Structures are given as C-alpha cells and as structure tokens.
Amino acid sequence: MSKSLDVNKLEREVKTVYRNVAEAPTDEHHFEMGRALAERLGYRTSDLDRVPAEAIDSFAGVGYHFDLADLREGDDVLDLGSGSGMDAFVAALHVGDAGSVIGLDMTDEQLEKARRLRDEAGMENVSFEQGYIEDLPFADESFDVIVSNGVINLSAEKEHVFTEASRVLRPAGRLALSDIISETRMPESIKSNADLWAACIGGAEQVTDYTDMIETPGFDDVEVRENPQYEFISEQATNACQKYGVRSISLSARKNDQ
C-alpha cells in the first residue's frame, strides 16, 4: 500500500461507484457490465438463466473462475465483495440445499438489492452480510471455498485479505478468484491516487507480488490464467494496459492442511 494513499477517500470513492452499479446499472460506467459480459467471460448460459436477472444487470466482474472453484454439493462458500449477488447466486446453484453461500459487501445499496433479489427468488441457502474483506466477521475454518471477482484489487490491504481468507477456510479449502493485476509495478503517482484505485487501476498489484501475498499465509498450488476476453473500456485503463501490462486474470489456490 502506498503511504500517501488516502484510504478513507478510497473507501468513499469505491462505495460511490458501486452504489451506482446497484442503483443505475444501465448508466455509463468506466467498466463493462451485464449479461453479455458474463457470457463472454465464460459463465454458463444454463446458470445465468436460473439467477435473478437484476443481479446479472449489475454484474461487474473481470473473469470466470467457477471451473477453478470446483464447487460441490454441500460446500460452504464465501463470496468476497458480492455486490448485487450474481456470483453468490451462481454458487448456490452448485452447492445445493445442503450447502450455503454467504456474500460479504461493504456497500449498503448492493446489500439491499442482493437481499431483495434473494428473497424474491426464494434462494434460502444464500445470505448477505455487511463487512470488509480485510477483516472478516466469521469464525476460523468456517468455509470450504472462497470466491471473489474484481474486488481484491480495490483493497489497500491485500495481505490482510489473504491472511483472513486463510483463517476462515478449512484445511485444504479452495480459493478461486478473478482480479486485475499488472506486469510491472506501478509508480507512486498512480499508487497514491484514490481515483485511479476506484477505477480498478491504482490497486493492480504486480503479478508476482500478488501471488506471493497468497502463498505467505499458507496457500499452495497457485494457478494463474489470463482472461484476454476481458476488455478495459476507459481511456485511463487502456493506457495502463499498454504502459504497465494491466490485465485480468483468474486464479486458484488451496490452503495447505498443516
């Protein structure tokens, strides 16, 4: 984390962006959203047809990782930064009534929308809680799988995110996520700019640093793949792609069982 980054401003900026994602998904945003994006990233049509359409409208993910998550009937799943709930609803289809899915988000409007859609759909194995991904409000070894989509890059304390993820996963638990990373390390002028963080650029960690952060708290078998089908649409992001190798990846890892 940059010492000069205004973390409080960053939180305000991110909440503003994702409040708008929840309330006005058809407005112009600095990233692509919706069903066409989800299908291009690799989401199954059969899954999308079974989850609330309004959740798909507010989907702002950067990749597909449910094949990496290898969800099974009865798994307990945590979705970090669950937004309006699309990934949580998809996960619920795979774990069935014997499993459970909890979505965690810090934005009131996203949580309100996700809970409404959950109730309307009658998906009783899904719940949504308010909190921060750097300080998870759950007991040790509560989950079999953690998923996340395009969210961890927004955190100024990624080491805490992965330490907490390791804490709440059961031994041999799985981590599967999609996120934005960079090939080269960003200069301080970008790392200290809360506006660029909120635009999913400033927080893009250099890929080796990112995987090191995952391995440090006890994750093994880290697998990374690129998502060339994800396209940046803002001028700032496009420039960062060209200059610093900013791009989308999907990643899986397993908590060691020691």
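The values are calculated or read from the model by the stated rules, or taken from the named source; none is laboratory data. Being a predicted model, the structure only gives us computed values, none of them experimental. Counting neighbours? That spans all protein chains shown, and the Cβs are built from the backbone with ideal geometry, glycine included. These area figures cover heavy atoms from the full protein model, side chains too; ligands, DNA and RNA do not enter into them. Shrake-Rupley method; radii C 1.70, N 1.55, O 1.52, S 1.80 Å.
Laid out as a table, the results:
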{"read-out": "Hits in the stretch 136-189 (condition: assigned to a helix (DSSP H, G or I) and either without any contact (Cβ under 8 Å) to a residue 12 or more places away in the chain or touching a Pro at 6+ places or on another chain (Cβ under 7 Å) (or both))", "value": "F162, T163, S166, S189"}
{"read-out": "E120 being acidic (D, E), modelled with pLDDT of 95 or more, open to solvent by 10 Å² or more (accessible area, probe 1.4 Å) and not in a helix (DSSP H, G or I)", "value": "no"}
{"read-out": "Checking E183 against (1) open to solvent by 70 Å² or more (accessible area, probe 1.4 Å); (2) over 17 Å from the mean Cα position of the chain (by Cα); (3) modelled with pLDDT under 90, the condition it does not meet", "value": "(3)"}
{"read-out": "Sole exception among (1) open to solvent by 20 Å² or more (accessible area, probe 1.4 Å); (2) farther than 22 Å from V14 by Cα; (3) assigned to a strand (DSSP E or B) for I102, by number", "value": "(2)"}
{"read-out": "Single unsatisfied condition, A139 versus (1) open to solvent by 30 Å² or more (accessible area, probe 1.4 Å); (2) touching a Leu at 6+ places or on another chain (Cβ under 9 Å)", "value": "(2)"}
{"read-out": "Residue within the stretch 206-229 that is under 19 Å from Y64 (Cα atoms), outside any strand (DSSP E or B) and open to solvent by 70 Å² or more (accessible area, probe 1.4 Å) present", "value": "yes"}
{"read-out": "Pick from the stretch 145-168, criterion under 17 Å from the mean Cα position of the chain (by Cα) and among the charged types (D, E, K, R), ranking: most open to solvent (accessible area, probe 1.4 Å)", "value": "E159"}
{"read-out": "Members of the stretch 29-55 found to be open to solvent by less than 30 Å² (accessible area, probe 1.4 Å), outside any helix (DSSP H, G or I) and modelled with pLDDT of 95 or more, listed by number", "value": "Y43, V51, P52"}
{"read-out": "Scan of the stretch 105-117 for residues that are open to solvent by less than 40 Å² (accessible area, probe 1.4 Å) and in contact with a strand residue (DSSP E or B) (Cβ under 9 Å, 6 or more places away or on another chain), ordered by number", "value": "D105, T107, Q110, L111, A114"}
{"read-out": "Residue check for V101: within 14 Å of D79 (Cβ to Cβ) and in contact (Cβ under 8 Å) with a residue 60 or more places away in the chain", "value": "no"}
{"read-out": "Answer residue from the stretch 56-86, given it is in a helix (DSSP H, G or I), in contact with a Ser or Thr (Cβ under 8 Å, 6 or more places away or on another chain) and within 18 Å of A253 (Cβ to Cβ) and is most open to solvent (accessible area, probe 1.4 Å) among those", "value": "L68"}
